[in-house]
Each structure stands twice: as structure tokens, then as C-alpha cells.
Amino acid sequence: MEVFVLLENFIMIAQQVLVLFILIGVGFACGKEGILTDESSKKITDIVLYVVTPCVMISAFQREFSMHLLGNILITALCATASIAATVFIAKLIFHDKNTARKKVLQFSAIFSNCGFMSLPLQKAILGDDGWFYGSIFVAVFNVIVWSYGLVMMSGDKKQMSVKKLAFNPGIVGVLIALIIFVLRIKLPYIISQPIDYLAALNTPLPMLIIGFYLSQADLKKAFTDAGAYLAMAVRLAVVPLLSMFVMHLLNVDPTIMIACVIASSAPTAATTTMFAAKYGRDVELSVSIVASTTLVSIISMPLIVALAQSI
């Protein structure tokens, strides 16, 4: 019976992941045909980061305030922080390469998942608005850590971290506005909430097109012939989500919160890896190939892990 439930959950989640991969396929085709270019993909990424992401946060937090829900927000934030912190420890323990540029990319790619682009659409599809809500908390924690620890780690310069960069990060700004609206119990009028909802809905198609574009430009041979890349892939797609799921299950975390966090933890390597690698002179080619290969492999790994989380 348990095997049947697991299989049923796997098929349902696999269908949702396949929907995302069809959108990725459209982006891939657009990249190959030159419809999407480096310049246009950067502009679309900016739209997602600076417009769509804050709208996602505000839209997700448009719900009735309660102390129970506030408690769940704190629990989700703690789970997200613990998951990423544990991954930092694992990555530092595993990846030791004399080539600093390569080591930084391998560590970063194992630590940071594509929890905004890949996870939020899946959380909404599987768990509904609650999953989207808790997923947005995970993304907020991710943004704080990636723009502080992640920035310093990849650049090798502590001066790169600043309060200004954190304060003006679009993901953080969106969460702060959303939290203020939520705590003060402000109900946005239709004329404001509806455009926000429309823009938030772009968080599924636009990021998938961009991921597809990067796949069309990637040399996957490097990832699939590199032992370090395989190890980073295993940590990112299997070790981290399974460990997170096991610990949260032991601690009896709310099932919706647990599954939302597992989805975020099981997502492929963040596209931010390539952005930071290019900015700070790290191994860009390796970063692109890992982002692309983990995205491809996640079509199997994510449904398996999320289905397992749903069945326990």
C-alpha cells in the first residue's frame, strides 16, 4: 500500500515537474533560434528579480493574520536557515580543490538551490497557497544568506557584504513590505492586488524560459565528465533534501512546512552561481554546466524526493 501511495505521489509530482520542463524546452528552443539572447535573458532576469519576486512575496502574504501563522513563519525560517547552514558545513567538508576558482563554484553550487525559480511554482501546484506562502519564506532566508555569506564566499572579500546590498535586495524588500502588510492586517484594494497577482503569476513562465536559455548555451560534457561536478550534484539533489526531510520528520514539523522546505532543498543549483562566478572571476564554464546538468537531473530526483516526503 505504501509503495502504491509513493508511486501515486511520484506520478503527480512528475507531471508538475514536466510542465515546468516543457516551459524550459520553449526557452531552450528560443535560445537555439536566437529569439532569446544573453542581453534579453539578463533583462528578463531583472524583471523577475526586481518586479515579479517582490509581487510574489506580497501576493503570498495577502492572508488573514494569526499568531499560529506567525509561529509557522518563524518555524519555516528556522528550517530554511538550518538547512542552508548544514549544507555550508557539508560543502566545506567535502570540497577541497587547489584551484580556488573551481572550489568556490563547487561549494556554491552545492549550497544554493534554485528555490525561487524552480520551487515556488511546484510548491503552489502541489501544496496550494500555503505551500507558496511557506516557500516564499524559504526564498527570503535564501536571499539573506546568498547576498551575505554567498557573496563573501564567492568573491573572497568580506568588504563585498554590506547592509545596503541586503537592504535593497528585491527579495528582501518584497518580504519586508509583505510582512508589514501581513502584521498590520492591511487588505489591499482590488485595483492594487490584482495587478500584483498578475505579475506574481509570471514567476512560473519567465524563470523557466531563462533556465531553458542557459541550457541551450551550456556545455553539459564538462558536468557529466567531472567528478567534482558529480559530487556537487549528489549533495545538491540528494544529500541535502534527504537530510532536511529526515531531521524535520524527527522534529515533527508541520507536514506542509516540511514538504515546502523539502521542495526548496531538492531544487537544482541556483542560477546565481553563474552570475556570481562571472562577476568574481571564478570558473564560469563549470558553473553553467552544473546549473544545466542539475536542472536536467532534477526532473527525476525532485519527484522522487518530494513523493517520499509526502508519504512519510
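Any read-out appearing in this document is the output of simple, stated calculations on the displayed coordinates, not a laboratory observation. Remember, it's a predicted structure, so these values are computed and weren't measured experimentally. So basically every Cβ, Gly included, is an ideal-geometry build from the backbone, and we count neighbours across all protein chains shown.
Table for the structure above
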| item | result |
| --- | --- |
| Span-rule helices in the chain, defined as complete DSSP H runs reaching 24 Å or more along the axis (Cα) with Kyte mean at least -0.5 | 2-32, 67-94, 120-145, 284-311 |
| Sites Y198 and L7 - FRET efficiency at Förster radius 45 Å, r taken between beta-carbons, to 0.05 | 0.75 |
| Prolate/oblate/rounded call for segment 255-308, Cα gyration tensor, a/c under 1.5 rounded | oblate |
| Two-site label geometry, V247 and K279: point separation in nm, points 7 Å out along Cα→Cβ | 2.7 |
| Segment 2-311: relative contact order as a whole-number percent, Cα under 8 Å and 6+ apart | 35 |
| Check: segment 2-311 dipole with +1 on Lys, Arg Cβ and -1 on Asp, Glu Cβ, in debye | 940 |
| Segment 9-133 shape via C-alpha gyration tensor axes, a/c threshold 1.5 | oblate |
| Stretch in the chain that is longest and holds no GluC sites (Glu not before Pro) that DSSP places in a loop and that have at most 13 other beta carbons within 10 Å | 65-312 |
| Listed pairs K104/K124; K124/K279; K98/K279; K92/K158; K104/K279; K43/K104 exceeding 23 Å between Cα atoms | K104/K124; K124/K279; K43/K104 |
| Long-range HN-HN contacts of S113 with modeled amide H, under 5 Å | A270 |
